[in-house]
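The values are calculated or read from the model by the stated rules, or taken from the named source; none is laboratory data. Quick caveat: nothing in here was measured; it's all calculated off a predicted structure. Reconstructed Cβ throughout: ideal geometry from the backbone, glycine too, with neighbour counts over all protein chains shown. Each accessible area value is taken on the protein alone, full model and side chains, heavy atoms only, with ligands, DNA and RNA left out. Shrake-Rupley method; radii C 1.70, N 1.55, O 1.52, S 1.80 Å.
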Amino acid sequence: MAYSDKVIDHYTNPRNVGTLDKASHKVGTGLVGAPECGDVMRLQIQVDDNNVITDAKFKTFGCGSAIASSSLATEWLKGKSIDDAMKIDNMDIVEELALPPVKIHCSVLAEDAIKAAINDYRVKNGMEPIASEKVHH
Ligand code: FES
């Protein structure tokens, strides 16, 4: 299977690898695993007083597509409000990275990690978590 140039770019030069202070109430942390393969992704967001994401970091123990998906996700998250970030769809990632069908679950992992991080932030700050009703492709 051939990886797209964008996957290889993000895989060899991942953006925003790292850790934010989990204890801060301005940081949301999402930790998710893919049942299909056992890969694990942690994605964190730093949010300002206007609910805008000012920073995002990830650590992914997984395949190249999962690393590329989370790297891309952190780029997309910066500057977005948490409401807009909630709308990021795994199929946007699939399209941007030209992931093949067997790698779609890797992008689902990134979407789930984004939503988990936002909900962690919401709960920490007295907001209701948003249920994800989505059926993944
Ligand atoms: Fe499982 Fe990519 S193969 S996350």
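Select from segment 42-66 the residues that are within 16 Å of the ligand (Cβ to nearest atom) and assigned to a strand (DSSP E or B) and list them in ascending order. Across segment 42-66, the qualifying residues are 42, 43, 58, 59, 60, 61.
Among the conditions (1) modelled with pLDDT under 95; (2) touching a Lys or Arg at 6+ places or on another chain (Cβ under 7 Å); (3) of a type in the set (Val, Ile, Thr), the only one that residue 135 does not satisfy is (2). Every test in (1) in contact with a Ser or Thr (Cβ under 9 Å, 6 or more places away or on another chain); (2) within 12 Å of the ligand (Cβ to nearest atom); (3) open to solvent by 60 Å² or more (accessible area, probe 1.4 Å) is passed by residue 39 save one, and that test is (3). Among the residues of segment 67-88, is any within 16 Å of the ligand (Cβ to nearest atom), touching a residue at least 12 places away in the same chain (Cβ under 8 Å), touching a Phe, Trp or Tyr at 6+ places or on another chain (Cβ under 6 Å) and small (Gly, Ala, Ser)? Looking through segment 67-88, at least one residue is within 16 Å of the ligand (Cβ to nearest atom), touching a residue at least 12 places away in the same chain (Cβ under 8 Å), touching a Phe, Trp or Tyr at 6+ places or on another chain (Cβ under 6 Å) and small (Gly, Ala, Ser).
Within segment 90-105, the set of residues being within 13 Å of residue 70 (Cα to Cα) and either open to solvent by 40 Å² or more (accessible area, probe 1.4 Å) or in contact with a strand residue (DSSP E or B) (Cβ under 9 Å, 6 or more places away or on another chain) (or both) comprises 92, 96, 105. Picking from residues in segment 1-16 that are open to solvent by less than 80 Å² (accessible area, probe 1.4 Å) and within 16 Å of the chain's Cα centre (by Cα), the one that is nearest to residue 123 (Cα to Cα) is 16.
If only residues of segment 17-36 that are touching a residue at least 40 places away in the same chain (Cβ under 8 Å), open to solvent by 50 Å² or more (accessible area, probe 1.4 Å) and part of a loop (DSSP other than H, G, I, E, B) are counted, the one that is nearest to the ligand (Cβ to nearest atom) is 36.
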